[in-house]
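Undergrad: For reference, the structure I am asking about is given below.
The values are calculated or read from the model by the stated rules, or taken from the named source; none is laboratory data. Predicted model, so just to flag it, every value in this text is computed and none were measured. Quick reminder, even Gly has a Cβ in these numbers, built from the backbone with ideal geometry, and neighbours come from all protein chains shown.
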């Protein structure tokens, strides 16, 4: 009598074949997705709508990432070779209308030194001059770095090129073409690129900690800086610094590096012959007392309000005199009103007026510090500014903030703080600065708008780049402090870290196996450390925000995944599950420690819509948010896949992915050039199948594979062929 066998149990290599009922002991290239149906595994094909070729070579198991944006990135080809016009590079385009200030990205020029970000500085008809020194560049293309809201949304594929310099190539999926070198990570080869994407920006770090590489941020910025009049929520005058483009910038949240404060940064020069075209003599003998080292660096700018000229300060002479570049002509500093501005984009100068009135300040000598605000929310460490101001009891303090544009595009403002000089008192807020709206004394106040000063510069002193906010008045001492506003103190030794793995959970970035600088600036690697960002501050990693787990156990963290308020922290041998459901670290705890469940590389783990999956020599595991399941065992704990076979098949380079359409796990035994067995687990039927013949991945033996990722619900992987 014929017996119907459904084979709906899939592959079972652990039992004796004679004991199998609805399973098979060996099958290659076939899978069991429905009862009674056996179908081919299929083969790798290009993702839907994507045929573009990866232009660089990643490190095995690393380097592929997908993200989405509301901003597009147009790709165009220009009409003719780049040419020379007075030492500037010029290209032509008759089909597209660009404008001064548009950011471009040149790609594939045969003279590679010309590839990279460019800005249109002069448009004549269909000829566009960029602000770069000319090099002999042949035909290439450019990417229009500006964009627009894309109602269909754009998907991007990021692919690491670690074979030469460390770069990230970007493909807009609708464009179907990789644009090489869009993110320049550095110069050290062999980069292991790890990514995360949150709140509209991509971050990338080299997990190899290459000495010439640094963390990068890539995103679209649309912001109009420095409105010169803003009243009642209505813009009444033009802005001075529009931003509307893609930018590749450092991910680190860096403090200002320049800035001074004092009572004579906005004053009138002495009315005597000693004030010449190159010597600015102040009216007060101690006006420049504390600025010797800063002014001797020849980076600050003195501006004449009388002659409307800006000149570099070249030397500090004494407490009353500074040397500048010549005002030229018959102009001198004698009796001129003047302002002193900081170097371009490096920080703020703060002019202080002390008014004897009915204030409530206590008598004290104060010092000031400044910070930058990035992306509207992330505040840097403090830069202590040169200068001192003495306050008499009951005085009123009025400050003026002076800025010289343009700044790092991510910097959206800053803050000015004070404390009593030569103390360890808290730094208290004097001014909250917003590059769009102006400045205010407390966060609950309305802003005082920007005023632009149209000084004409020469040499390193730019023209029409000087803005200020006046009359920020404090009748009493402020209450808000740096610590209360940021949630961390000034005693943090560092705010940045490199890392080998990262995950996003509960509006924090979690990083593991970190490289940080100590107080002396020495780089230290903590293999047992997990660091985390404050909530919503995804590039900020204060040195005190860390968990040390499994210290001195002879192992180090290799991967992180977050799911259901848990951090799954993998070392190569051990898995740690950390419960972070509470909003504060005081409520976090180590929920479980599981030996033998670790992984070798981040690509051996994968986040799905139903939990976390990972693979090692002991099994293939699934964490559903409550329990860990070893998928090569049945519900009774008996092996489905022979343990010795699995152990010999899985390697240190094994990687895992999850197909959300088929609800299947895909395990690739080796992502290096020795591709062997591919295992497939079907969640619907709870069955295994595998491929050991010349189909699926085996046809790519000799190729290097990246990690798996998801594009438009399709599981994708990158491959590189020498």
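Undergrad: Checking residue 319 against (1) touching a strand residue (DSSP E or B) at 6+ places or on another chain (Cβ under 8 Å); (2) without any contact (Cβ under 8 Å) to a residue 60 or more places away in the chain; (3) surrounded by fewer than 20 Cβ atoms within 10 Å (Cβ to Cβ), which single condition isn't satisfied?
TA: Exception for residue 319: condition (1).
Undergrad: Shifting gears a bit: Using the structure shown, decide if residue 616 is farther than 16 Å from residue 564 by Cα, in the same structural domain as residue 712 (by TED's automatic domain parsing) and out of contact with any strand residue (DSSP E or B) (no Cβ under 6 Å at 6 or more places or on another chain).
TA: Yes: the conditions hold for residue 616.
Undergrad: Shifting gears a bit: Tell me which residues, restricted to the stretch 253-269, are crowded, with 23+ Cβ neighbours inside 10 Å and part of a strand (DSSP E or B).
TA: 260, 261, 262, 269
Undergrad: Next question. Given the conditions (1) free of Cβ contacts under 8 Å to residues at least 24 places away in the same chain; (2) not in a strand (DSSP E or B), which single one is not true for residue 524?
TA: The failed condition is (2).
Undergrad: Sort through 554, 550 and tell me the only one that's crowded, with 17+ Cβ neighbours inside 10 Å, at pLDDT below 95 and under 26 Å from residue 655 (Cβ atoms).
TA: The match here is 550.
Undergrad: Same structure, new question: Among the residues of the stretch 153-162, is any touching a residue at least 60 places away in the same chain (Cβ under 8 Å) and outside any strand (DSSP E or B)?
TA: Yes: the stretch 153-162 contains one or more residues that are touching a residue at least 60 places away in the same chain (Cβ under 8 Å) and outside any strand (DSSP E or B).
Undergrad: Go through the stretch 533-544 and report how many residues are surrounded by 20 or more Cβ atoms within 10 Å (Cβ to Cβ) and in contact (Cβ under 8 Å) with a residue 40 or more places away in the chain.
TA: 6
Undergrad: Scan the stretch 364-406 for residues that are touching a helix residue (DSSP H, G or I) at 6+ places or on another chain (Cβ under 8 Å) and in a loop (DSSP other than H, G, I, E, B) and jot them down.
TA: Matches in the stretch 364-406: 382 only.
Undergrad: Also, I was wondering about something else. Please find, within the stretch 631-650, the residue that is surrounded by the fewest Cβ atoms within 10 Å (Cβ to Cβ) out of those that are in contact (Cβ under 8 Å) with a residue 12 or more places away in the chain and not in a loop (DSSP other than H, G, I, E, B).
TA: 647
Undergrad: What's the number of the condition residue 330 fails, among (1) part of a loop (DSSP other than H, G, I, E, B); (2) touching a strand residue (DSSP E or B) at 6+ places or on another chain (Cβ under 9 Å); (3) without any contact (Cβ under 8 Å) to a residue 60 or more places away in the chain?
TA: Residue 330 satisfies all of (1) part of a loop (DSSP other than H, G, I, E, B); (2) touching a strand residue (DSSP E or B) at 6+ places or on another chain (Cβ under 9 Å); (3) without any contact (Cβ under 8 Å) to a residue 60 or more places away in the chain except (2).
Undergrad: Select from the stretch 562-581 the residues that are outside any loop (DSSP other than H, G, I, E, B) and touching a helix residue (DSSP H, G or I) at 6+ places or on another chain (Cβ under 9 Å) and write down the one among them that is surrounded by the most Cβ atoms within 10 Å (Cβ to Cβ).
TA: 570
Undergrad: Can you go through 653, 694 and tell me which one is under 23 Å from residue 718 (Cβ atoms), part of a loop (DSSP other than H, G, I, E, B) and modelled with pLDDT of 90 or more?
TA: Every option except 653 fails the conditions.
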